[in-house]
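For reference, the structure discussed in these notes is given below.
The values are calculated or read from the model by the stated rules, or taken from the named source; none is laboratory data. Since the model is a prediction, treat every value here as computed from it, not as a measurement. Here the Cβ positions follow ideal geometry from the backbone for every residue, glycine too, while neighbour counts run over all protein chains shown.
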Amino acid sequence: MVKLPITYRLSLIADRGSSFVPCQLQIRDLWVELEGFRLRHINLDVAAGEYLVILGPTGTGKTVLLEAIAGLHRPSQGRILINGADVTGLPPEQRGIGFVYQDYALFPHLNAAENIAFGLRMRGAARRTVEERVAAIARLLGIEHLLRRMPETLSGGEAQRVALARALVVEPRLLLLDEPLSALDLETRQGLQRELKRIHWQLGTTAIHVTHDFEEAVALGDRVAVFKEEPAGEAGREGGIVQVGTPEEIFRRPASEFVARFVGGRNLFRGRVVRQAGETFVRLAEGLGIAAVTGLEGEVSLLIRPEDIVLSSTPLLSSARNCFRGRVVEVADGGAVLYVTVEVPPRFTALITRRSWEDLALEQGREVYLAFKASAVHLF
Amino acid sequence: MKTLFANRMHISFAILALLLLLFIAWPLLRTVTASGPALLWQTILDEEVRRAIGLTFYASFIATAIAFLCGVPLAYLLARADFPGRRLVEGLVDLPIVVPHSAAGIALLMVFGRQTFLGQAFGLFGVRFVSALPGIVIAMLFVSLPFLVNAAREGFEAVDPRLERVSRTLGGSPWRTFWGVSFPLAWRSILSGAILMWARGLSEFGAVIILAYHPMVTPVLLYERFESFGLRYAQPVAALVILICLAVFIILRLIGGRKERAR
């Protein structure tokens, strides 16, 4: 995908006077105290035009952080700076920060076009300008046919596009996305994920995206900030950022056991796409060739969900499957399920039920076969 | 959905319920049907009756308007803001429901009576409460404001606070967010609360009669006709009042029904 020249980006918004200039964000020693939850000592730098993903287990803390950046919670300490200017004391309406919630939060009494126009109206834009810009952003997001519809008649993916358009049409200096894909089904999620990536490329907006999904973080984030939430005595719960880095760094060099547990043990590899005899393989650095289905070429990242890997004591012979022999090096107990790490090399982690663990009579050091479908290999 | 007569228990319950429903419907129906159209028409032509009905509608409307002006902000604060003594305020709003209405009338007289500070202060501007329209208005306001405030509060509580937050991030000030998001979304609840309050105000007797026997509102007129002339003379007025209230009530239910469909 090609980054569009700035003049074209502006014409997308159809307002020659506007400036869609991405901004940098700095958070310094930020504390937010709410009833039952505390945001602990947040320090974060987001570069202009960067796509930062905040990754953490399901919980309320990540939303609180985004809401604090947007000015919806007053911090008890610390400062928030946009392009170096202190905005800590500014009310949300003066910050120019767009917000997209997980369940869209569309205004139910307004149709899609009115929802999108809301921010422009609040700024007292002229009717002509409103119409032009709503049309332009609808074109960008491919939702022109939905403009007359009421929110309750929209599907999840459609509603989220409208919510995105509503946030983008006012040209926010910073876009905050709170689990924007989590409420969607898999197919819609992947489609919208690609869309987010494209829009970020085209507009170059600085974005902070919250998710609990590691795959989503890897696919979208220039950098990833890992968020941890834990009980904190009388204060209830508290949360903070424990590591920031590129997805690769987070994955390869987790700073703590928590990060390692949360992102580690999952099967993220880098490799090179090779096509031979009508088959597509990804050749890993370790030499292993993994059958995959992809249109990508060259260097790629690949991810295999632990639950897509099947373990067996004998080789599973099937053309659709990758099958490798390895040795069990680690077993992590997850209650009803177990995470089994198998050294091939590289190391794969498979998720199996306690029952199949017992059926297979597995133990550390035992030889085992692992198999997964070519279609279970996610490439990006 | 199960049918009404799914089993024996349902049938027993239906019979018991029917007794209660008859208890409500029968006397009302009896009153309305006891007087023929001619008698009803004669009642409508009775100037005293018409004046009382007009006064009642008007006074209750003013009471509702005052409650709207101050009660909607109160309802919003109760739904959104967290402050010490919130539960106390909620209790205070509900208090008029449990206080006997004649006691409410006495209480108002203690503050707005001729010899009181407030009564004399308003008197300077020519506003008199005892035996006058303002007295009727404050009596109706006092006893029926919980209906509007509670309905409006529930309406605001049903508005997702995140919608207001989104509005703020889109550049809406707290005022514009209220008028652009919170108020339109809570409007149906507020309106049905206002109609309920107005209808409740129409039927107020206890508090009104203590502050203002004259000018006569409909319930007081009804009482006076019954006391002075007996059941036969009070009955057509009662029939007329019941019919009017029924009409108002049906309109209210229609508005309520639309609200549910809109969701």
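Applying the set (1) surrounded by fewer than 18 Cβ atoms within 10 Å (Cβ to Cβ); (2) under 25 Å from B:Glu164 (Cβ atoms) to A:Leu72 leaves exactly one unmet item: (1). Looking only at residues in segment A:47-87 that are among the polar types (S, T, N, Q) and farther than 21 Å from A:Asp222 by Cβ, the one that is nearest to the other protein chains (Cβ to nearest Cβ) is A:Thr63.
Across segment A:280-313, what is the number of residues that are in a loop (DSSP other than H, G, I, E, B) and over 13 Å from A:Ala376 (Cα atoms)? Final tally of qualifying residues: 9.
A quick yes/no check of all residues on (1) in contact (Cβ under 8 Å) with a residue 40 or more places away in the chain; (2) closer than 29 Å to A:Asn83 by Cβ; (3) within 14 Å of another protein chain (Cβ to nearest Cβ):
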residue	(1), (2), (3)
A:Ala135	yes, no, no
A:Leu141	yes, yes, no
A:Glu144	no, no, no
A:Met150	yes, no, yes
A:Gly157	no, no, no
A:Arg161	no, yes, no
A:Leu164	yes, yes, yes
A:Glu171	yes, yes, yes
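Please verify whether A:Leu317 is modelled with pLDDT under 80 and touching an Asp or Glu at 6+ places or on another chain (Cβ under 7 Å), treating the condition exactly as stated. For A:Leu317, the condition - modelled with pLDDT under 80 and touching an Asp or Glu at 6+ places or on another chain (Cβ under 7 Å) - is not met. In segment A:112-129, the residue that is nearest to B:Gly155 (Cα to Cα) out of those that are surrounded by 20 or more Cβ atoms within 10 Å (Cβ to Cβ) and more than 13 Å from chain B (Cβ to nearest Cβ) is A:Ala112.
Total residues in segment A:314-326 satisfying the condition of being loosely packed, with under 15 Cβ neighbours inside 10 Å and either within 29 Å of the chain's Cα centre (by Cα) or part of a strand (DSSP E or B) (or both): the figure is 1.
Restricted to segment A:88-109, and to residues that are without any contact (Cβ under 8 Å) to a residue 24 or more places away in the chain and surrounded by fewer than 21 Cβ atoms within 10 Å (Cβ to Cβ), which residue is nearest to the other protein chains (Cβ to nearest Cβ)?
Restricting to residues being without any contact (Cβ under 8 Å) to a residue 24 or more places away in the chain and surrounded by fewer than 21 Cβ atoms within 10 Å (Cβ to Cβ), the top hit is A:His109.
Take the residues of segment A:224-244 that are of a type in the set (D, E, K, R) and under 16 Å from A:Ile42 (Cα atoms): which is nearest to the chain's Cα centre (by Cα)? The qualifying residue nearest to the chain's Cα centre (by Cα) is A:Lys228.
Can you tell me which residues in segment B:154-189 are of a type in the set (A, V, I, L, M, F, W, C), facing chain A (nearest Cβ under 10 Å) and part of a loop (DSSP other than H, G, I, E, B)? Matches in segment B:154-189: B:Val159, B:Leu170.
Just one residue in the set A:Asp213, A:Asp185 is over 23 Å from A:Ala48 (Cβ atoms) and either over 13 Å from the mean Cα position of the chain (by Cα) or hydrophobic (A, V, I, L, M, F, W, C) (or both); that residue is A:Asp185.
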